[in-house]
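Peer 1: Just dropping this structure here.
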Amino acid sequence: MSDDSSETDGVTSRTAPAVAVVDAQSPGNVGTIARAMKNFGFTDLLLVDPPDLDPDGEAYGFAGHAREDVLPNAEEIEFDRLADAYHTIGCTAVTNEDDRSHMRFPYSTPADLAERLPTVEAPTALVFGRERVGLTNEELARIDEICSIPASADYPVLNLGQAATVTLYELRSLTLEETQLPDVERVRAPERTVDRLYDQWAALLEEINHPEEKRDKTMRMLRRVYGRADLTEREANTLLGLLRRATERPAED
């Protein structure tokens, strides 16, 4: 990448990574990648030597709602400009190379990138290669760093669309402040409700004559279990009701 990382040919720093696809052969794969971008909040699609993207063809058919913005707004770009204007991250399978070979090593996983990319003071681009051969060694030599998805050693090569989808999913924290999933912190049961649950457990242990010398250890175990569970308020109240009935039942017999 060139030295000017704050602004290069209209590209500004600290934006979400662009997604670049080099010499894709199948329009459907371009559409699949555009759809994954839409799923995970990425907007800038860069295409090097793309196939024909007919609005009535496979690319738009595979793109889902990305046919409305991501795909029609894709920018065709030459590889040389891509390498010069962006901090490039080549996404490729690592073929058992180590520090004696620097073409595909060292590498980061997508999860590693999610933690580190926010500190990169440069416009970035995730670069995906061809369906059959990926990125060539000549192209990798121009790229700033390597990313690889952990996979089976017996068959580590993913389909182009799959590789892009997995990578963008792992990097969603760079683009999405909220998802369709509820915020666990927002729906977790209030501490006072959970404390009542512990009080009810303590009452039940006493009611069933649980050995007194074991009660502290048992309560500590229950706190660990519920602490990991992140109970919702509804779950906590349901358990509280069951425990009350269990505590009261011995007195009825």
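Laboratory data are not the source of any read-out in this text; all were calculated from the coordinates shown. Quick caveat, the model's predicted, so the values are computed rather than measured. Every residue, glycine among them, receives a Cβ derived from its backbone with ideal geometry; neighbour counts consider all protein chains shown.
Peer 1: Exposed loop trypsin sites (Lys or Arg not before Pro) only (DSSP loop, at most 10 other Cβ atoms within 10 Å): please give the longest stretch of the chain free of them, not including the sites. Mind showing how you got there, number by number?
Peer 2: On the way: sites that count: R100, R132.
Answer - 133-253.
Peer 1: Please identify, among T92, T43, T136, the residue showing maximal mean-square fluctuation in a Gaussian network model of the chain using a 10 angstrom Cα cutoff.
Peer 2: Top of the fluctuation ranking is T136.
Peer 1: Which residues among segment 109-124 fall inside the zone where the amide N is under 17 Å from a point 7 Å beyond the Cα of R81, along Cα→Cβ?
Peer 2: The answer is 123-124.
Peer 1: Radius of gyration and Dmax for the chain's Cα atoms, expressed in Å?
Peer 2: Values for the chain (Cα only, Rg and Dmax): 26.2, 83 Å.
Peer 1: Apply the a/c threshold of 1.5 to the C-alpha gyration tensor of segment 184-252 and tell me whether it is rounded, prolate or oblate. Intermediate values should be presented prior to the final figure.
Peer 2: Numbers: a/c = 3.15, a/b = 1.49, b/c = 2.11.
Note, shape of segment 184-252 comes out oblate.
Peer 1: While we're on this one: Rounded to the nearest Å, what's the spacing between the alpha carbon centres of segment 121-182 and segment 210-253? Just the number, please.
Peer 2: Here the answer is 46 Å between Cα centres.
Peer 1: In a GNM of the chain with a 10 Å cut-off on Cα contacts, which of V22, V187, V166 has the highest mean-square fluctuation?
Peer 2: Its mean-square fluctuation being the largest, the pick is V187.
Peer 1: For the Cα atoms of the chain, what angle does the longest principal axis make with the long axis of helix 191-207, in degrees from 0 to 90, nearest 10?
Peer 2: 40 degrees
Peer 1: Which residues make up the longest stretch of the chain clear of GluC sites (Glu not before Pro) that lie in a DSSP loop with no more than 13 other Cβ atoms within 10 Å, not counting the sites? Write down the numbers at each step before the final one.
Peer 2: Numbers: sites that count: E78, E121, E177, E178.
Within the chain, the longest run free of exposed GluC sites (Glu not before Pro) spans 1-77.
Peer 1: Among G161, G227, G64, whose mean-square fluctuation peaks in a Gaussian network model of the chain (Cα, cutoff 10 Å)?
Peer 2: Of G161, G227, G64, the Gaussian network model singles out G227 as fluctuating most.
Peer 1: Okay, next question. Just how large is the dipole of the chain about the Cα centre, in debye to the nearest 20, putting +1 at every Lys and Arg Cβ and -1 at every Asp and Glu Cβ? It would help to have the intermediate numbers written out before the result.
Peer 2: Numbers: 27 positive and 49 negative charges, 307 e Å.
Here the size comes out at about 1480 debye.
Peer 1: Given labels modelled 7 Å from the Cα in the Cβ direction, how far is it in nm from E206 to V187?
Peer 2: Using points 7 Å along Cα→Cβ, the separation is 3.5 nm.
Peer 1: Follow-up question, since we're still on this one. Could you give the semi-axes, largest first, of the ellipsoid that matches segment 102-222, computed as the square roots of 5 times the alpha carbon gyration tensor eigenvalues and rounded to whole Å?
Peer 2: Each semi-axis is √(5λ); the values are 51, 18, 14 Å.
Peer 1: Antiparallel DSSP bridges in the chain: what percent, to the nearest 5?
Peer 2: On the way: 4 of 23 bridges.
Here the antiparallel bridges make up roughly 15 percent for the chain.
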